[in-house]
Amino acid sequence: MKMSGKSPSFLDRLVQSRMLARWARAGRLVSALSRGELHQLSHDARALRRELDRVLFAAEARLALPPDDVDGIARPIGCDWVWCPDLWRGPVDPAGIVGAESRSRIGTDATLFHDCRESDITLRQIRNTRAQDRAPFGLRLDVFRFDGSFLSLVLDLPEDGVAGLRRNHLLRLSMSVELERPIEIFCRLNVKHGPNTDQLVREMPVGGGTDFVEFDLAYTKMNEKRVEKIWVDLIFEGPQMNQILLRDLTFARHPRADI
């Protein structure tokens, strides 16, 4: 199918119609296929589903944004990279986890960690509907009984956020947070370079709107030529009997102004 933005031609529609008819026929013939044919059909169907899932994720994320907004990310002056994890951009599967165990993953970038003996924690992706929401989706974290010593959400930054990273960069983490009751939220940046990992910790000021912290990489000893991975821990202090709603979360990278 053409991707030029124009209406599909007769030939495009004919190709699509034949493809749909082929898969409909395959579904009807499954019971009559040999095991070898079933293995090949399953392989082809999974490959097709992966591509369709990518298209649907990107399309639904764009459709969820206001018409005049490209990606919903506010860009500081001079930034050379921005990113919003997929959990806030488009629908993920599963959309929710009840009794979330440690290392529970939601979306491709976010993982929950804790040391509770019995988990009474629920994660759920929600749809943002307020006029002031820039992100189409949000994350609701419900914590009831909590017998652990820590609760954190780990966000793995993609490779393009690592590429070209320098010690003169500032990394900004912006969040829109709603809390049922006030708690402290700490943000810990981890930069792995070679055998070493440098860390910077900032407390997120939670004021009811979009707040941010900045990590100045000049305070690390990172080897610019050996940076392998970056991740951020969102650490929730005393989270029991609370609902934490992360309406939006974005990263932006920009060089420090020369003085």
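Each residue, Val55 and Ser149, gets one label point 7 Å from its Cα in the Cβ direction; the gap between the two is 5.1 nm. The order of Met222, Met204, Met19, going from fewest to most other C-beta atoms within 10 Å of their C-beta, is Met19, Met204, Met222. Relative to the longest principal axis of the Cα atoms of the chain, the long axis of helix 35-64 makes an angle of roughly 50 degrees. Every helix of 4 or more DSSP H residues in the chain counts as -39500 (n - 2.57), and over all residues that averages to -7000 deg cm²/dmol at 222 nm. Extension gain, Arg46 to Glu228, is 62.4 nm, computed as 0.36 nm per intervening residue step minus the present C-alpha separation. For the chain, the dipole from Cβ point charges (+1 on Lys and Arg, -1 on Asp and Glu) about the Cα centre works out to 1220 debye, to the nearest 20. The alpha carbon centroids of segment 146-173 and segment 219-248 are separated by 5 Å. Backbone N atoms of segment 175-199 closer than 12 Å to the 7 Å Cα→Cβ label point of Glu237 belong to residues 183-187. Using the Cβ-Cβ distance between Thr129 and Thr197 with R0 set to 45 Å, the FRET efficiency from 1/(1 + (r/R0)^6) comes to roughly 0.70.
The angle between the Cα long axis of helix 10-29 and the main principal axis of the chain comes to about 80°, on a 0 to 90 degree scale. Rg and Dmax, both from the Cα atoms of the chain and both in Å, are 22.1, 74. By other beta-carbon atoms within 10 Å, ranking Lys229, Lys192 with the fewest at the front produces Lys229, Lys192. Here segment 217-259 is scanned for amide nitrogen atoms under 15 Å from the site 7 Å beyond the Cα of Glu159 along Cα-to-Cβ, giving 227-230.
Rule-based calculations on the coordinates, nothing more; no lab input. Everything numeric in this text was worked out from a predicted model, so none of it was measured. Methodologically, a virtual Cβ is constructed for each residue, glycine included, from the backbone with ideal geometry; neighbour enumeration extends over all protein chains shown.
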